[in-house]
Structures are given as C-alpha cells and as structure tokens.
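In what follows, a single structure is set out as structure tokens and then discussed.
Values quoted throughout were computed directly from the atomic coordinates according to the rules given, and no laboratory measurement underlies them. Here the structure is a predicted model, which means the values were calculated and not measured. Heads up, the Cβs are rebuilt from the backbone with ideal geometry, glycines too, and the neighbour counts pull from every protein chain shown.
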Amino acid sequence: MKPIQELFVSPDQSILDVLQIIDRGSMQIALVVDEERHLLGTVTDGDVRRGILRGIGLDSPVSMVMNREPRTARLDMDRDMILSVMQYLNLRQFPVLDEAGRVVRLDLLDDLLQRNSRDNWVVLMAGGLGSRLGEMTKDCPKPLLKIGMKPILEVILESFISNGFHRFYISVNYKADMIKDYFGDGSRWGIEIRYIHEGKRLGTAGALSLIPEILTQPIIVMNGDLLTKVNFRQLVDFHVEAKAKATMCVREYEFQIPYGVVQVENHRLRKIEEKPLQKFFVNGGIYVIDPEILQIIAKDTFFDMPTLFDEAIRREFNTAVFPIREYWIDIGRKDDFDRANGEFMENFG
C-alpha cells in the first residue's frame, strides 16, 4: 500500500494533476487536505466524470469537483465496525480521521474483505461480420485480427482480467468455431468463458436474452471491436453509486462547421457565428446492465442497445452515462485498424 501522503492534494491543484494521482494508485481516490492534513474533501474517478458532464474542464481546480462532505471514520472505531459501515453504505474507500479532523489512514473495502476479484459477468459481443474491413475478415473473424501480437478480443479480455473480472460470456455467430477454438473455456487465462450462440443476428441487446444464467449482479456488455483503457472496476462502481439500472459509456465528439452559421428570426438576421465548434456525447459501445433490465428484451428478436435504453427510459428506470476520458478506438474500418496497431505499444505495451 502506498504511503497515505501520496494521496494528498491541495484544493487548487488542477483536476488533470489529481487524475494522474488517482490513475497511478491502486486506491482510486485522492484526499484534498489543507497544510495541516485536515480533510477538505475527496475526489474519485466518478466525481471527475460527473464534473465533465457538467462542463467542467480538466484544467479547473479540483475543488470544483471534490466531494465536500465525504463519509469518514473516527480513529476509535474498530475494523469490524468500519467494515460494517462500509458495506451498509456501499463505500469502497473510508478516510479515517483523528479528533481534529486530520487524515490518519485510508481503509479500503477490498483490503478489509481480503478479496480483489469481481464476480460480475462480462459479455463480449463477437458475432459481427466485420464487413467494413473487406478482405481482412473473409477468412478470419474480426475479433481474431491481431493488434500488436494478439487478437483484438484477447487484448480486451486481458484488460478486464487486469481489473479483477474472471467470468465471461462471448457472443458468437460469424466463424464462431474459430473464436471458440482460440479462447476455449478460458482456463489458459485462469478465468471462465462461456458462449452465447446467435443462430441469427439478434443485435447487441438481443443476444443477452440467450444467457441461461440467473443473474444477480450488474453485467458489463462491450462490443468486441473496441480497444480502450477504461477502468472497468470504476465503471461498475460508478453504476452502483448512481443507483442506475442501466449505464452507457459515452465519449465527447466534436466537429467544426466549416461555414458561418446564421441565426434568423422571421426575416431578420440576428447573428452570424463563424465556423462554430459543436460538441456532443456519443455512444461508446460499453454498457452496465442490471438483471432487472434484461426482462425488457424480447426473446429471439433483434434488439439493439439504443432500443433497450430508450425502453428503459420510457419505463422510467434510472439510467446513467459514464464519460470515457481514457484511450478509446472503434476498429470498424481499415484506417482504424492501422491506427490501432500504430498506437498499441503506447497504450497497451
């Protein structure tokens, strides 16, 4: 465990600087303190992502996104009591303070439970034809195309494993036997792999109706042609903290209109905005879904993920978005494949 002082940040440090501290550490938190170590607030990855959604830039002071009223433990509380409180309040980190409000230590739920693995099922969608890649997928399914020295799907799998996940479903259709022959039952990686066989194209959500498992925890669903450095533990934590039934990862996408945009009221010219920059959040192809939501999906029917979210919203289920700030690329075209290979060592080496 790193010294607690390495987690201390000042309220005027930039969000970007604090993110680097959070990402480097295993505790996934930074503690905002004054010069005498009095706790002013805490910052987690989720706090930053919620700030991004509010339009707060990464160069802003961390005080703009910190939790100013974090849950804390007293120094005289024993570990059993702390564990009980953390489980009841669904806390993963718990700053412990002395009588003067100074930070003494940080207790972690995983350490108290002495376990690091995640039992959530991960569903990787690997049944697509990869037709946009042309001849490259004529004899090889897209998930087995190599990025660096490994198939795309293996890189994805190992990213999840490094985050503590060990239970996987792979949804297969096109050249399913090649994928099954390569990954087998997962024992080569010390994990469990099962397969969902799509007899026909069912869409990203439709394939989930074929899961025979009685699910009790949220599942992660991810397209099998994405490469990303998203921390999947943080993603699930974000979903749970938001009390969401369905969470969609989103990316910020921007483009510049190459003309002057004219605002008109009736026949009058009101304003000309020269080449404005437009920003949107777009679907990132990674989702967390509670078992309750799966009941919406019709059996043996094409059902894509946007439709599932639309229906969840219509039924007034709590839905959330998780902004991706890490590396992300969708390998849909030859140019994307070449770019991913060129960037592989920098991001996954």
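For segment 130-221, trypsin sites (Lys or Arg not before Pro) meeting the loop criterion (DSSP other than H, G, I, E, B) and having at most 15 other Cβ atoms within 10 Å: Lys138, Lys200, Arg201. Taking a ≥ b ≥ c as the square roots of the eigenvalues of the Cα gyration tensor, segment 4-113 is prolate, since a/c reaches 1.5 or more and a/b is larger than b/c. Once you order the gyration tensor axes a ≥ b ≥ c over the Cα atoms, which shape class does segment 222-345 get: rounded for a/c under 1.5, otherwise prolate or oblate by comparing a/b with b/c? Verdict is oblate for segment 222-345. Taking 7 Å steps out from each Cα toward its Cβ at Asp330 and Asp17 produces label points 3.7 nm apart.
When both bridge partners sit in segment 4-113, DSSP labels roughly 75% of those beta bridges antiparallel. The label-point distance for Glu135 and Ile4, in a model that sets each label 7 Å from Cα toward Cβ, rounds to 6.4 nm. Counting only the backbone N, which residues of segment 304-346 are under 14 Å from the spot 7 Å out from the Cα of Ala298 toward its beta-carbon? Counting backbone N atoms under 14 Å from the label point, the list is 304, 307-308, 311. Segment 290-307 and segment 6-74 have Cα centres lying 37 Å from one another. Here the contact order of segment 118-348, divided by its residue count and restricted to Cα pairs under 8 Å and six or more residues apart, works out to 25 percent. Straight-distance candidates among the lysines for linking to Lys200, with alpha-carbon spacing under 29 Å and chain neighbours fewer than 8 residues away dropped: Lys138, Lys142, Lys146, Lys150, Lys175, Lys180, Lys245, Lys299, Lys334. Restriction of the trypsin sites (Lys or Arg not before Pro) in segment 220-301 to DSSP coil positions whose beta-carbon has at most 16 other beta-carbons within 10 angstrom yields Lys229, Lys243, Lys299. Among the GluC sites (Glu not before Pro) in segment 1-65, those placed in a DSSP loop whose Cβ has at most 10 other Cβ atoms within 10 Å are Glu35, Glu36. Using the crude model of +1 on Lys and Arg Cβ and -1 on Asp and Glu Cβ, and no other charge, please compute the dipole size for the chain relative to its Cα centre, in debye to 20. Here the chain has a charge dipole of around 860 debye. Would you please state which residues of segment 28-62 a label at Glu273 would reach in this model, taking the label point 7 Å out along Cα→Cβ and a backbone N cut-off of under 17 Å? Flagged as within label range: 55. Restricting attention to the chain, close to 60% of DSSP beta bridges with both partner residues there are antiparallel.
Taking DSSP loops as anything outside H, G, I, E and B, show the longest stretch in the chain free of chymotrypsin sites (Phe, Trp or Tyr not before Pro) there with at most 15 other beta carbons within 10 Å.
Numbers: sites that count: Tyr259, Phe302, Tyr327.
In short, 1-258.
Candidates Pro306, Val264, Pro70 compared by Cα position along the dipole of the chain: farthest toward the positive end lies Val264, with charges placed on Cβ. All other residues whose Cβ lies under 11 angstrom from that of Val65 are scored, Lys and Arg at +1 and Asp and Glu at -1, for a net of +2.
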